[in-house]
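*Asks:* Here it is, the structure, as structure tokens.
Laboratory data are not the source of any read-out in this text; all were calculated from the coordinates shown. All of these numbers come straight from a predicted model, not from anything done at the bench. Cβ atoms come from the backbone with ideal geometry, glycine included; neighbour counts cover every protein chain shown.
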Amino acid sequence: MREAYDVVVVGGGTAGAIVAARLSEDPARRVCLVEAGPDDRGQDRVLRLRRWLELLESDLDWRYTTILQPRGNSHIVHSRARVLGGCSSHNTMICLRPHARDLDEWAAAGATGWDAASLAPAYDRLAVHFEPVAEPDRNQLCRDIIASASQAIGIPVVDDFNAAGFRDGVGFLPVGYLPQTGMRTSASVSYLHPIMDSRPNLDVRCDTRALRVNLAGSRATSVTVRAAGEEIELGADEVVLAAGVFGTPELLWQSGIGPAAVLAAVGLGVEHDLSGVGENLLDHPESIIVWETVRPVPTETSMHSDVGLFVNRLGADERPDLMFHTYQVPFTYNTQRLGYRVPQHAICMTPNVTRPRSRGRMWPLSARMDVRPAIDFRYFTDPEGYDERTIVDGLRIAREVAATRPFRDWIAREIAPGPDLQSDDELSRYGRAAHHTVYHPAGTCRMGAADDPLAVVDPELRVRGIEGLRVADASIFPTMTTVNPMVTVFMIGERAAELIAGAPA
């Protein structure tokens, strides 16, 4: 069975939903959006932001795992959403605009046209509503953490982190939700729900798994998908892969695009030798410090992680080099595994490496698509030890905040790492053993200049050496953004649609 479209977008997630919605604004352009997971409409556990924890490791999660991490945590389940809206249907909806210098560094490294000034119109076009945590969702514990952090570290209280670039600061985070209802404003809610049943040139196919991109010579011509046990070929003048940091490389490999020797070693045919597919794997690793509280944690919240803390401890440039999320739930997957008890009432802070220097990679283990790839983040392996040092400093700074009133008055005792661990070596061992992810993988199909041997896409998002095939998701990141990357991925969706709509026929 074969059907024909002008554009087929694979992946109805954070960027893919935007690409499909924007391109189908032209009624003459037939667009098909393919999503492996179900429709998110009517799913309260998806749409109601406070329920996001229920989605981790659920039936709506691909649940990727890593190979052994000798210097980090080998037990992390890397949640990737399997539902319309992608990870914007699955996460905390923390919406932070990328720092201008992050994007300017992308452009300086070869991603021409992706500097902050050039991408500003994409940010301004975003249809996603986000705002700082609304007043009814602000509780006294969070207010006290903000007051103590500002006093202990000497950083400003920030009313709106998106109002201007910030060097450091603490405050309530901007969140993509409607405070009146508590409903998330994901990419699917904001871009697809208003048009899915009324735009005849947009075909949204949920529960449809993309199997491979088909090539005729060096041109992409169609996508083979499976739905309800049947394989269908979707012809397209342009194919856009937005299947995510793990899913996009997997589809490229299944299509014969990737490092030739790696593909051949597992029995995959080689159509186009492209060495960077699966390289440059990035993440924001974070450790955790847990305190038992003297009384129950307040229930007012937008999504249980309302406060952000950013520290510029090194002064290397205008960007913070340490980020903390706070969790009003005992986020203790990894401390419990290490033998720490889980208190009935607890608050957590998670020191996070904003621009990690460790780099990982992923590669196929089989020609079969149902065999998961090897994923190796190589956590805490940078030669200078920068990532490890950042975590140690973060644990110490968190203790300073906790020792300062009014936050101090909430705390009964430190549970993990516990007051007995004081030396750099002890805090490093604990910090790396207990570390987790904020679910921010990126970089596996990085964007770069023509002379970058590991660049998979050019600044037009075109896969190098293949016509009619582009990538539009977080896999194109050359380097990690300082802050949570979701808004940057939204902007990639807007920019991709603009590039495709402006491309010559």
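*Asks:* So for region 363-505, averaging the separation of alpha carbon pairs under 8 Å that are six or more residues apart and normalising by length, what relative contact order in percent results? Numbers along the way, then the final one.
*Replies:* Numbers: 116 pairs, mean separation 20.0, N = 143.
Normalised by residue count, the contact order of region 363-505 is 14 percent.
*Asks:* Filter the trypsin sites (Lys or Arg not before Pro) in region 250-341 down to the DSSP loop ones having no more than 16 other Cβ atoms within 10 Å, then list what survives.
*Replies:* Numbers: sites: R313, R337, R341; in loops: R313, R341.
Listed in order of number, the matching sites are R313, R341.
*Asks:* Based on Cα coordinates alone, diagonalise the gyration tensor for the chain, multiply each eigenvalue by 5, take square roots, and list the semi-axes in whole Å, largest first. Please list the in-between numbers first.
*Replies:* Numbers: eigenvalues 286, 118, 88 Å².
That gives 38, 24, 21 Å for the three semi-axes.
*Asks:* Placing +1 at every Lys and Arg Cβ and -1 at every Asp and Glu Cβ, with all other atoms neutral, what dipole size does region 281-399 have around its Cα centre, in debye to the nearest 20?
*Replies:* On the way: 15 positive and 15 negative charges, 66 e Å.
In total the dipole reaches around 320 debye.
*Asks:* If we count other beta carbons within 10 Å of each Cβ, what is the order of C32, C206, C445, fewest first? Please list the in-between numbers first.
*Replies:* Values: C32 26, C206 18, C445 30.
Going from sparsest to densest Cβ surroundings: C206, C32, C445.
*Asks:* Which of the GluC sites (Glu not before Pro) found in region 1-83 are loop residues per DSSP with 15 or fewer other Cβ atoms within 10 Å of their Cβ?
*Replies:* Details: sites: E3, E25, E35, E54, E57; in loops: E25, E35, E57.
Taking region 1-83 and a limit of 15 other Cβ atoms within 10 Å, the loop GluC sites (Glu not before Pro) found are E25, E57.
*Asks:* While we're here: Taking H as built 1.01 Å from N, whose amide H comes closer than 5 Å to the amide H of E279, not counting residues under 5 places away?
*Replies:* Counting only residues 5 or more places away or on other chains, the set is M362.
*Asks:* Separate question: So which GluC sites (Glu not before Pro) in region 422-478 are both in a DSSP loop and have at most 15 other Cβ atoms within 10 Å of their Cβ?
*Replies:* On the way: sites: E426, E460, E467; in loops: E460.
Here the sparse-neighbourhood loop sites are E460.
*Asks:* Then there is this: For the Cα atoms of the chain, what angle does the longest principal axis make with the long axis of helix 140-153, in degrees from 0 to 90, nearest 10?
*Replies:* Tilt of helix 140-153: around 80 degrees.
*Asks:* Okay, moving on. Each residue of region 181-193 in order: what ³J(HN,Hα) in whole Hz does its phi give by Karplus 6.51 cos²θ - 1.76 cosθ + 1.60, θ = phi - 60°, with x for Gly and Pro?
*Replies:* Per-residue couplings from phi come out as 10, x, 8, 6, 10, 5, 4, 5, 4, 7, 10, 9, 3 Hz.
*Asks:* Would you calculate the separation in nanometres between label points at R357 and A127, each defined as 7 Å from the Cα along the Cα-to-beta-carbon direction?
*Replies:* 4.3
*Asks:* Convert each backbone phi in region 348-356 into a coupling constant with the Karplus relation 6.51 cos²θ - 1.76 cosθ + 1.60 (shift: θ = phi - 60°), then list the ³J(HN,Hα) values in order as whole Hz, x for Gly and Pro.
*Replies:* Going residue by residue, I get 10, 10, 10, x, 9, 7, 5, 10, x Hz, with x marking Gly and Pro.
*Asks:* Please report the relative contact order for region 2-502, taking Cα pairs under 8 Å with a sequence separation of at least 6, and give it as a percent rounded to a whole number. It would help to have the intermediate numbers written out before the result.
*Replies:* Working: 1240 pairs, mean separation 115.3, N = 501.
Taking the mean separation of contacting Cα pairs over the length of region 2-502, I get 23 percent.
*Asks:* If amide hydrogens are placed 1.01 Å from N in the peptide plane, which non-local residues have theirs closer than 5 Å to the one on R219?
*Replies:* E467
*Asks:* Can I ask one more? Amide H to amide H under 5 Å from A374: which residues, 5+ apart in sequence or cross-chain, H placed 1.01 Å off N in plane?
*Replies:* Amide H to amide H, under 5 Å and 5 or more residues apart or across chains, A374 pairs with W363, L365.
*Asks:* What is the local net charge at L119, summed over the other residues whose Cβ is closer than 12 Å to its Cβ (Lys, Arg +1; Asp, Glu -1)?
*Replies:* Numbers: positive: R97, R125, R495; negative: D102, D104, D115, D124, E494, E498.
Local charge sum for L119: -3.
*Asks:* Let me ask something additional. What does the charge count near T326 come to, summing +1 for each Lys or Arg and -1 for each Asp or Glu among other residues with Cβ under 12 Å from its Cβ?
*Replies:* Numbers: positive: R143; negative: D144, E286, D306.
Summing Lys and Arg as +1 and Asp and Glu as -1 gives -2.
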